[in-house]
1. For segment 198-210, which residues satisfy the criterion of being open to solvent by 10 Å² or more (accessible area, probe 1.4 Å) and either assigned to a loop (DSSP other than H, G, I, E, B) or farther than 18 Å from Glu432 by Cα (or both)?
2. Filter segment 337-347 down to the residues that are touching a residue at least 24 places away in the same chain (Cβ under 8 Å) and surrounded by fewer than 22 Cβ atoms within 10 Å (Cβ to Cβ) and list them by number.
3. So which residues in segment 128-155 are of a type in the set (A, V, I, L, M, F, W, C) and free of Cβ contacts under 8 Å to residues at least 24 places away in the same chain, if there are any at all?
4. Quick test for you: out of Phe297, Phe269, pick the one residue that is part of a strand (DSSP E or B) and of a type outside the set (A, V, I, L, M).
5. Restricting the search to segment 68-99, which residues are among the β-branched types (Val, Ile, Thr) and either open to solvent by less than 50 Å² (accessible area, probe 1.4 Å) or farther than 30 Å from Thr395 by Cα (or both)?
6. Would you please name the residue that is farthest from the chain's Cα centre (by Cα), looking only at residues in segment 379-426 that are among the aromatic types (Phe, Trp, Tyr) and closer than 30 Å to Ala198 by Cα?
7. I need every pair where a residue in segment 409-423 that is touching a residue at least 24 places away in the same chain (Cβ under 8 Å) has its Cβ under 9 Å from the Cβ of a residue that is open to solvent by 60 Å² or more (accessible area, probe 1.4 Å) and in a helix (DSSP H, G or I), sequence separation at least 6 or different chains.
Amino acid sequence: MLETLMLSRIQFAANISFHILFPAITIALSWFLFFFKLRFDQTGEPVWMRAYRFWVKIFALTFAIGVVTGITMSFQFGTNWPKFMETVGNIAGPLLGYEVLTAFFLEAGFLGVMLFGIKRVSARVHTLSTLIVAIGTTLSAFWILALNSWMHTPQGHEMRDGVAFPVDWLAIIFNPSFPYRLSHMVIASGLTAAFLIAGISAYRLLKGDDKQAPKLTLKIALTVAMVLTPVQIFLGDLHGLNTLEHQPQKIAAMEGIWHTEKGVPLLLFAIPDEEKRTNHFEIAIPKMASFILTHDFDGEIKGLNEFEGNHPPVAPVFFAFRIMVGIGMLMLTISWFSRIQLWRDKPLPTWLLRVLVAMSFSGWVATLAGWYVTEIGRQPWLVTGILTVKDAATTIASGNVALSLAMYLTLYAVLMTAYLHTLFTMARRAVEIEEITDDERVKPVLHPAIAHSTNQSPNTKENDNV
């Protein structure tokens, strides 16, 4: 049977992997919803309300599962990693508390108005509620990533008898890796939500939905993806440079570099062999790794042999990094190609719509791969330089951990099946909906210039067909 430490690591990985999927959608989807609602308030066009009504249901479902799965994360600090809170609880506790006091209270306080208040409050109050929920989801990412980044690049604390005490909260929150991790995650959420919207919209079109709403959301999602993908590549480069400075052993594992050398090649593919400390079947571009990481073709990069006994397992980090980059390149290609087709006023061919459907959850794959690079790449440390994973782990019987792990995995399999089934069922049913509700017919008071710019009344037949 696997030992307690390994089972605890697998359980935590399973819990965080399943949980992160849902905030990866809701952080950015809330901003999409705010944009849809704002456009409806500005133009009065029912198609914007139709888009809002469809996607707010998906947001509510995703948000609910994200909250429930997030609760299990806190349990594990006590059951599986008791030494973590004993050692760094003075820092981790307040940061998690700030997340609850600011982000979660905003989300919980205004989510009800956003979901159920459209008939009970004014249009401005409802739109403001949608904005506050979007701000709340982003604040949640802010605090969680502040803690996670501090665990990678801790500062602003002092150790007393093996316990970390805060001495500078600004330094703790805005630690060296925080800006890069926060921006990288927020953009990743934008891409995850964009490809989900594009995929579900393409699915509706394939099912014969000829209304304007899926065409509109498809165009918006592809536009966002087209813009954010190059931004993410740029931020990824900055993040890599920051990681090279503070966690060079992680970069060495990502690139499969065993020996410190200059003019290091970029490995497109290889099979790392940690036992022999070498790579097999290398396919490489000469000197390109040095150029990317140091912006110098002859730049020096430290190899894993410099950190023997103090570097992460190489193969998982190496392959996860390539999966993340590969999905990113695919996102870039598909979003630009699809959006250019629409710019030319050409309908997307059936094969391309099917590709978009297949990529509905590509953001999940890229996010998980990136998260594995980040978290596995920190090994053997739980908090760099302060606490190792081994020292933080529980000593309870491995059978107890195995039982809880099996229960978690079973529950997550059921929840994921139900979630995916519900999403595509909602998409199929949306194909059959043609009527416009009274709420969607209500046209807010518009600025004369905006009213004049709309070429048709919201009550025309064309607008009804959303």
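1. Lys207, Gly208, Asp210
2. Scanning segment 337-347 gives Arg339, Leu342.
3. Once the filter is applied, which keeps residues that are of a type in the set (A, V, I, L, M, F, W, C) and free of Cβ contacts under 8 Å to residues at least 24 places away in the same chain, segment 128-155 yields only Leu128.
4. Phe269 is the lone residue from the list that is part of a strand (DSSP E or B) and of a type outside the set (A, V, I, L, M).
5. Passing the criteria: Thr69, Thr72, Thr87, Val88, Ile91.
6. Out of the qualifying residues, it is Phe424.
7. Hits for this filter: Leu415/Val68.
Yes/no per residue for (1) charged (D, E, K, R); (2) open to solvent by 10 Å² or more (accessible area, probe 1.4 Å):
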| site | (1), (2) |
| --- | --- |
| Thr4 | no, yes |
| Gln11 | no, no |
| Asn15 | no, no |
| Ile20 | no, yes |
| Ile25 | no, no |
| Leu29 | no, no |
| Leu38 | no, yes |
| Asp41 | yes, yes |
| Gly44 | no, no |
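The values are calculated or read from the model by the stated rules, or taken from the named source; none is laboratory data. These figures come from a predicted structure and were not determined experimentally. Note: ideal-geometry Cβ built from the backbone for every residue, glycine included; neighbour counts use all protein chains shown. We work out accessible area using only protein heavy atoms, side chains counted, and drop any ligands, DNA or RNA first. Shrake-Rupley method; radii C 1.70, N 1.55, O 1.52, S 1.80 Å.
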